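A.B. asks: Handing you a structure now.
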Amino acid sequence: MIKIEATTADAYRLFHEGALALARAEREGIRVDVEYSEQKKKHLERKIEYHQKQLEETKLYRQWNHVYKGKTNIHSNQQLARILYKNMKIEPVKTTETGQGATDEEALRRLDIPGLDLILSIRKLSKIKNTYLGAFTREQFNGFIHPSFNLHNVRTYRSSSEGPNFQNIPKRDKESMKICRRAILPRPGHMLIEADFSALEVNISECYHKDPVMMKYLLDDKSDMHLDMAKQIFIMPDMQKSIPTHAILRQAAKNGFVFPQFYGDYYGNNAHSLCEWTKLSRGRWKKGQGLELPDGSHISNHFLSKGIKSFDQFTEHMKRVEDDFWNRRFKEYGRWKKKSVQDYRKRGWLKTHTGFTCSGLMRDNEISNYPIQGSAFHCLLFTFIELDKIAQREKWKSKIVGQIHDSILLDADPVELGRIKEALQTIVKEILPNAWRWIIVPLEIDVEEYGVDLPWVS
DNA sequence: GGAACTCGCCAC
DNA sequence: AAACGTGGCGAGTTCC
């Protein structure tokens, strides 16, 4: 008889071996360019001072300084909130968790007051200087940082990282990415390589809900879930991924609807987020507004022609899209979510395919997210452990140095590159699916290579 | 002077 | 009916 269900003992063994493999990566460490980091910090400091000087010329700052005098601190959001929402009597467009007027990027951008753009620039530069470059120089020892990869902190049985956190170095914002990742180097003569699972969480979700429509999207290269959702959301049946504007709308559907829905978001927030992407207002729409389409017309014209004339009508439209998403398109996924909640309510706990137990009070969204998020990371950890075993056995000069939930970072000897790629494919295509029979979809891992003696910048 | 809190923001 | 999952960390602030 083939054993299908993983036990707590299996889960324990995974984390025991995982802790040992991660500890070896921690001891090896990641090389940082200390000289560069110190120089760049000084450069950023000068830029921050320059922006601060400009800020001091604004009406906003004069009002601020009138209230706080010698205690004025442009980094204090509490002071900023008081100036904006009390002294200037602006009605907050958004509040924080505790009900105070928000001063985050979205709130400040909507106000459009001279000087707030400078505050945002200063925040961005300070973040790079203090959170990333500052941490690299503070934590480095002999030119190497040794972040800890923890397995005991996360409710879903994912990992976390600290000292410094290696799992949140900027990537999306190109400028921040270049400045921060320029500081991460391979050992002399080596190259950094990053092995990423593609769409890991979506693939692992399939192993739980077994939705046939989702399965088709995952197996058929020609089908594209995000493009299909973009067609439905924007009512454009003839959309093509190769047309740049359509690619933007596809991206909007992916990041403004599909992924948030998987995490438990609802159509109301989706409508707001999609209007950010398409540059449409929260009121009534007129011709000539929002994103420009390939034919030179604006997206508002298109929506008007389809009978959607305002943000409120668009929200109603998104409500129908959401209903269709869970009750028709991905009906089995929707059913699985409901059943998971019922089962948890009855028992008070749930188990992952990898043998871990999640117990304690959980909200509906958490019940369906936890097993997916955990098991997805466990596929990465399994791969990490097996790769480490091979590296030890074959005495690689290449070092496994880090991990970011669905990817592994190696500091590789170029001579060994072919062997590393081969080993990764063997693990992901043979060893992993053979060991865990619950994996019912083909998993893919891609390797991104950075240059010899060059930093972690693409 | 340190602990604990809020807020904002980076990653997956 | 209501409505976004998991973390770490810096700065400012408050409390002891």
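A.B. asks: So what is the calculated 222 nm ellipticity per residue for chain A, using -39500 (n - 2.57) for each DSSP H run with n of 4 or more, over all residues, to the nearest 500 deg cm²/dmol? All intermediate terms of the calculation are to be shown ahead of the outcome.
C.D. replies: Working: 20 runs with 227 residues, N = 458.
So the calculated ellipticity at 222 nm is -15000 deg cm²/dmol.
A.B. asks: Here's a follow-up. Would you please classify the overall shape of the range A:322-400 from the alpha carbon gyration tensor, given that a ≥ b ≥ c denote the square roots of the eigenvalues, rounded means a/c under 1.5, and beyond that prolate means a/b larger than b/c while oblate covers the rest?
C.D. replies: On the way: a/c = 4.21, a/b = 2.14, b/c = 1.96.
Taking the square roots of the gyration eigenvalues as a ≥ b ≥ c, the range A:322-400 is prolate.
A.B. asks: Among A:His378, A:His66, which comes first, second and so on when ranked by fewest other beta-carbon atoms within 10 Å?
C.D. replies: Going from sparsest to densest Cβ surroundings: A:His66, A:His378.
A.B. asks: For a quick check: sort A:Asp33, A:Asp10, A:Asp324 by the number of other beta carbons within 10 angstrom, fewest at the front. Mind showing how you got there, number by number?
C.D. replies: Values: A:Asp33 18, A:Asp10 15, A:Asp324 12.
Final ranking by Cβ density, sparse to dense: A:Asp324, A:Asp10, A:Asp33.
A.B. asks: Is the shape of chain A best called rounded, prolate or oblate, per the rule: a/c under 1.5 gives rounded, else a/b larger than b/c gives prolate, else oblate, with a ≥ b ≥ c the square roots of the Cα gyration tensor eigenvalues?
C.D. replies: Details: a/c = 1.73, a/b = 1.15, b/c = 1.51.
Note, shape of chain A comes out oblate.
A.B. asks: By the gyration tensor of its Cα atoms, with a ≥ b ≥ c the square roots of the eigenvalues, what is the shape of the range A:234-292: rounded for a/c under 1.5, prolate for a/b over b/c, or oblate? Can you show the working numbers first?
C.D. replies: Numbers: a/c = 2.26, a/b = 1.10, b/c = 2.06.
Note, shape of the range A:234-292 comes out oblate.
A.B. asks: Could you derive backbone 3J(HN,Hα) for the range A:370-383 from the dihedral phi with the Karplus parameters 6.51, -1.76 and 1.60 (θ = phi - 60°), listing whole Hz in sequence and x where the residue is Gly or Pro?
C.D. replies: Karplus values, whole Hz, x for Gly and Pro: 4, x, 5, 4, x, 5, 4, 4, 5, 5, 5, 5, 4, 5.
A.B. asks: While we're on this one: Please state the relative contact order of chain A as a whole percent: Cα pairs under 8 Å, 6+ residues apart? Don't skip to the end; give the middle numbers.
C.D. replies: Values: 613 pairs, mean separation 109.1, N = 458.
Contact order relative to length: 24 percent.
A.B. asks: How far is the Cα center of the range A:412-458 from the Cα center of the range A:94-169, in Å?
C.D. replies: Here the answer is 30 Å between Cα centres.
A.B. asks: Which entries of A:Lys178/A:Lys399; A:Lys254/A:Lys319; A:Lys127/A:Lys254; A:Lys389/A:Lys421 have Cα-Cα distances beyond 21 Å here?
C.D. replies: Numbers: A:Lys178/A:Lys399 23 Å; A:Lys254/A:Lys319 17 Å; A:Lys127/A:Lys254 27 Å; A:Lys389/A:Lys421 15 Å.
A:Lys178/A:Lys399; A:Lys127/A:Lys254, as the Cα separations exceed 21 Å there.
A.B. asks: Listing A:Ser359, A:Ser242, A:Ser340 from the residue with the fewest other Cβ atoms within 10 Å to the one with the most, what is the order?
C.D. replies: Details: A:Ser359 11, A:Ser242 6, A:Ser340 19.
Fewest-to-most Cβ neighbours within 10 Å comes out as A:Ser242, A:Ser359, A:Ser340.
Values quoted throughout were computed directly from the atomic coordinates according to the rules given, and no laboratory measurement underlies them. Since the model is a prediction, treat every value here as computed from it, not as a measurement. Methodologically, a virtual Cβ is constructed for each residue, glycine included, from the backbone with ideal geometry; neighbour enumeration extends over all protein chains shown.
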